[in-house]
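Enquirer: Below you will find the structure I want to go over with you.
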Amino acid sequence: MEQANVTNGVGNYTESCPSIDEFRNQVYSTSYSLITVLGFVGNGFALLVLFRTYREGSPFHVYMINLAMSDLLCVMTLPLRVLYYVRKGQWEQGDFLCRISSYFLYVNLYCSIYFMTAMSVTRFLAIVFPVQNLRLVTVGRARLVCLGIWIFSSAASSPFLMSGQSYDKVTNKTKCFEPPQHSSSRLPKLEALNYFSLVIGFVLPFLVILLCYAGIVRTLLSRTPAARRQQNSASKAIRMIVIVLLTFLVSFMPYHIQRTIHLNFLSRKSSCAEQTSMHKSVVVTLCLAASNSCFDPMLYFFSGEGFRNRLSSLRQTMRNSTLHRVSKQKPTMILESRENHNLDAS
């Protein structure tokens, strides 16, 4: 096991710190493998249903498609990370793929946050301002919003393209996906980037979502019991609130809090115990951040606008297509059977 000499903040002596590479390699490879399978199957199936029923388009439908595409883009790069950690931290895929893999993870992270915010605002307008919603929220405007989210998230995440693979002289390995070291010259830039993404990419969207959900709950509670029973939008809204808040609390919040603490931690002296716990928390929270791709299919199925109806419609369409194909084949089969019978008789 690798050792690292670290200066303790209390005195001037150094102590040998055990590496967490074994823990990191096991957790990352297992977690990313599971996220890849669940994310690919869930989002791939959702995209199939959404694209096959595109004629029933709505603004919410547009956001769901873009969210699923963002998730698929992310999970397609995770096998490269799995390969890296299975090989005990040896990167052999080249500098370009190292940069792209890191970049797409963060593009997905912030696209997911913004698409969930847009979906929450759309649901808020539909419930709280139903009349104005018909005029303000259209498919064309939803597409423009999605385009803006893609451009902004891609541009804001571009600094992650600046850092690629590196060579570690201690382990004699080519590295990728490695966090910054203590007193690194990159720390000031990383801290500035972190605070920007923390405020713009997490805090503000989360506040918007909380305000939207407060307005939705207040409107639903102010309705009469009879009105609440008649409208299906109430149950959809409640399910959406639960799933989005669960995603933020499990995936996004721990990661952003821990990342901020970690960058501040790197700029000061620390003991081995502090370093070990901090590095392990980096591993756990990054896995949780990547797992947002597994939560989104729940959002489509349980709160998506008519998603289950779209699924039923797709099944019916496929069933009708199969029956139509079989019915066309039957006369041909009967004719061939008669011809064979006549040949046998002659």
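Nothing in this text is a laboratory measurement; each read-out follows from the coordinates by a stated rule. Bear in mind the structure is a predicted one, so any value in this text is a computation, not a measurement. Note: ideal-geometry Cβ built from the backbone for every residue, glycine included; neighbour counts use all protein chains shown.
Enquirer: List, in order, the whole-Hz ³J(HN,Hα) value for each residue of the stretch 78-93 obtained from phi through the Karplus relation with A = 6.51, B = -1.76, C = 1.60 and θ = phi - 60°; use x for Gly and Pro.
Expert: For the stretch 78-93, the Karplus curve yields 5, x, 5, 5, 4, 4, 4, 7, 5, 7, 6, x, 10, 9, 10, 9 Hz.
Enquirer: Sticking with this structure for a sec: Hey, how much of the P(r) for the stretch 73-128 falls beyond 16 Å, as a percent of Cα pairs?
Expert: That tail contains 55 percent of the Cα-Cα pairs.
Enquirer: If you don't mind, another one. Rounded, prolate or oblate: pick one for the stretch 20-293, where a ≥ b ≥ c are the square roots of the eigenvalues of its C-alpha gyration tensor, a/c under 1.5 means rounded, and failing that, prolate if a/b is larger than b/c, else oblate.
Expert: Because a/c hits 1.5 or more and a/b exceeds b/c, the stretch 20-293 counts as prolate.
Enquirer: Relative contact order for the stretch 20-293: what is it in percent, counting Cα pairs under 8 Å that are at least 6 residues apart?
Expert: Reported relative contact order: 26 percent.
Enquirer: Rank the residues Val62, Val107 as a footprinting-exposure proxy: fewest other Cβ atoms within 10 Å of their Cβ go first.
Expert: Val107, Val62
Enquirer: If neighbour count is taken as other Cβ atoms inside 10 Å, put Leu83, Leu125 in order from fewest to most.
Expert: Leu83, Leu125
Enquirer: Can you pull the one-decimal nm distance between simple spin-label points at Thr219 and Phe23, each 7 Å off the Cα toward Cβ?
Expert: 4.7
Enquirer: Follow-up question, since we're still on this one. Expressed as a whole number of Å, what is the distance separating the alpha-carbon centroids of the stretch 152-178 and the stretch 72-108?
Expert: Spelled out, the Cα-based centre of one part sits 10 Å from the other.
Enquirer: While we're on this one: Given 0.36 nm per residue, what is the gain on full extension from Val131 to Cys272 after removing their alpha carbon distance, in nm?
Expert: My answer for the length gained is 44.7 nm.
Enquirer: With 10 angstrom as the radius, rank Arg135, Arg81, Arg141, Arg239 by how many other C-beta atoms surround their C-beta, starting from the fewest.
Expert: Arg135, Arg141, Arg239, Arg81
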